[in-house]
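This report refers to the structure that appears directly beneath it.
The values are calculated or read from the model by the stated rules, or taken from the named source; none is laboratory data. Please read these numbers as outputs of a predicted model, since none were measured by experiment. Positions of Cβ are generated from backbone atoms using ideal geometry, with glycine treated the same way; all protein chains shown enter the neighbour counts. What goes into the accessible areas is simple: the full protein's heavy atoms, side chains included, and nothing from ligands, DNA or RNA. Shrake-Rupley method; radii C 1.70, N 1.55, O 1.52, S 1.80 Å.
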Amino acid sequence: MKKSILGILVLALALLGCTEKKDTAVKAMKGDVAAGKALAEKTCRTCHGADGGGVAPAIPHLAAQRERYLLASLNEYKNGKRTHAALRDIATQMSEADMRNVAAYFAGLPAAPSAAAKDVKHTSPYEKGKALAAECAKCHGEDGNAKTPGTPTLAGQQPHYLIAAILEYHRDDRKLTTMKSIMRDSDRLDLESLALYFAAQTPVQRAAPARGDPAAGEPLSAMCGGCHGARGVSIDAATPNLAGQDAQYLAKATKSYRTTRQNWGMQRYVAGLNDKDIDNIVAFYASQQPKAGDQIPSSIQEIAAKCNRCHDQEDSPSMAAPKMRGQDKDYLVMALRGYRDGKRESTTMHNMSFPYSNAIIEGLASWYASQPAK
Ligand code: HEC
Ligand code: HEC
Ligand code: HEC
Ligand code: HEC
């Protein structure tokens, strides 16, 4: 493998070295498709295929991709804004005209009939989470609305918080034998799928608190509201909603930050409260109307609709967002993780992919990869 890449690079170097001089004279604005084809066949074919389809997983299809996007990508590899060692070497050896030519060539090819796309099974994290949730139904309710005092409602809870909470039982940071034995074998994608499913359910108000005075609790809750929201619905995916939660569970959980549960923020605020204060605050939050956090998409298609505003426009040459239907699935996964984790630069895309867990990224990538390319 190493050898063949090296071979390609040497070839590319030799080839590009001699085309450069001619091209500076051409200075055409529009790419020369025939010249692009010659270059592609010599330099790109081993990886991007004769028909512009990636020859192995994680190599993107270039056929029928937007010309402007292809050109921009090559420039980004060249100037280092996008990092990939092999492409940087290749792009560095290309002149502006080479890039325009090869971009025009690939953009003009018909969408590559992707053999892989037929094998891609679209996995929906939501459906997966729903199936896994059957194990939790006995105690937390089928839709995450628990009825037993002491067992928290999961419906409408903030998704990142749910993941963190489940992991705590996993690691045994939060002791509860039943919860631990259930969590032991689940992998990370499963956990995220479960969290997504429960977060998307509609929470139902629990039984009225048996103890405490909501009116006395309200002013005390002021110091909690900055994080948990004035009425117990937080706007931060990592901070749990408290509104309408089971009172017995809330009281136990709040008190546990004075002893066993570790969280710097919470410990500071709870340390100075006595049991009566806590009962009053809990009574206040438990009697608030529960509400699911915003923007919990329940299906991949719902998310994809947002992506399509930029990615699925009828062809306008000015559109900078690449086409994704029929693209290689592994490549899409890598690209999205790259944006999310700050390894690939793009303010727009970073903002889009940041909230997305690996489970959603997997679902989105498999959805786009399984769609026929246009
Ligand atoms: C050694 C294999 C290899 C060769 C040869 C190669 N590429 Fe690539 N190409 C890749 C891989 C792998 C990626 C994905 C890199 C990444 O994650 O950024 C890629 C990505 C690209 C992209 C970005 C596509 C997108 O959807 O963002 C463009 C454009 C591209 N290559 C053009 C070319 C051109 C033009 C040539 C020939 C001059 C070429 N490549 C030669 C492997 C190769
Ligand atoms: C045998 C009953 C039982 C089963 C089955 C069960 N749980 Fe629990 N769960 C509990 C109880 C009780 C608590 C409260 C524990 C405590 O007080 O710390 C809890 C707490 C939790 C919490 C913490 C909630 C919060 O607000 O911090 C999460 C998250 C959770 N369970 C997820 C799950 C998931 C996911 C499943 C299924 C895979 C599941 N549980 C199965 C009884 C159960
Ligand atoms: C600085 C921000 C902040 C403040 C202020 C704050 N909390 Fe929290 N709270 C958090 C975070 C973050 C978590 C999740 C911590 C964890 O994972 O253990 C949390 C967790 C909780 C939980 C556990 C919920 C569950 O489902 O298990 C309860 C109950 C709670 N807070 C009550 C309170 C109360 C009552 C106050 C005011 C006295 C308060 N919090 C003040 C940030 C805050
Ligand atoms: C506001 C417009 C906009 C929205 C909305 C948007 N994108 Fe993008 N996307 C872009 C642009 C522009 C690029 C090219 C960025 C670059 O050059 O790295 C891009 C690049 C990408 C790439 C890299 C593709 C490749 O061939 O390398 C992927 C994957 C992607 N977006 C997925 C998504 C998904 C999934 C969503 C929805 C969750 C989404 N995008 C929403 C504008 C958008």
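Here are some notes:
- Region 210-248, residues that are open to solvent by less than 20 Å² (accessible area, probe 1.4 Å) and under 9 Å from Ile281 (Cα atoms): Gly217, Ser221
Yes/no per residue for (1) among the acidic types (Asp, Glu); (2) part of a helix (DSSP H, G or I); (3) under 16 Å from Gln157 (Cβ atoms):
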residue	(1), (2), (3)
Ala237	no, no, yes
Ala243	no, no, yes
Leu250	no, yes, yes
Gln267	no, yes, no
Gly272	no, no, no
Asn280	no, yes, no
Lys291	no, no, yes
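- Qualifying positions in region 78-95 - within 16 Å of Pro60 (Cα to Cα) and in a loop (DSSP other than H, G, I, E, B): Arg82, Thr83, His84
- Within region 344-360, the set of residues being assigned to a loop (DSSP other than H, G, I, E, B), modelled with pLDDT of 70 or more and open to solvent by less than 70 Å² (accessible area, probe 1.4 Å) comprises Arg344, Ser346, Tyr356, Ser357.
- Residues being closer than 20 Å to Ala208 by Cα and surrounded by 20 or more Cβ atoms within 10 Å (Cβ to Cβ) are entirely absent from region 262-277.
- Region 131-149: number of residues that are within 27 Å of Ala286 (Cβ to Cβ) and open to solvent by 30 Å² or more (accessible area, probe 1.4 Å): 8
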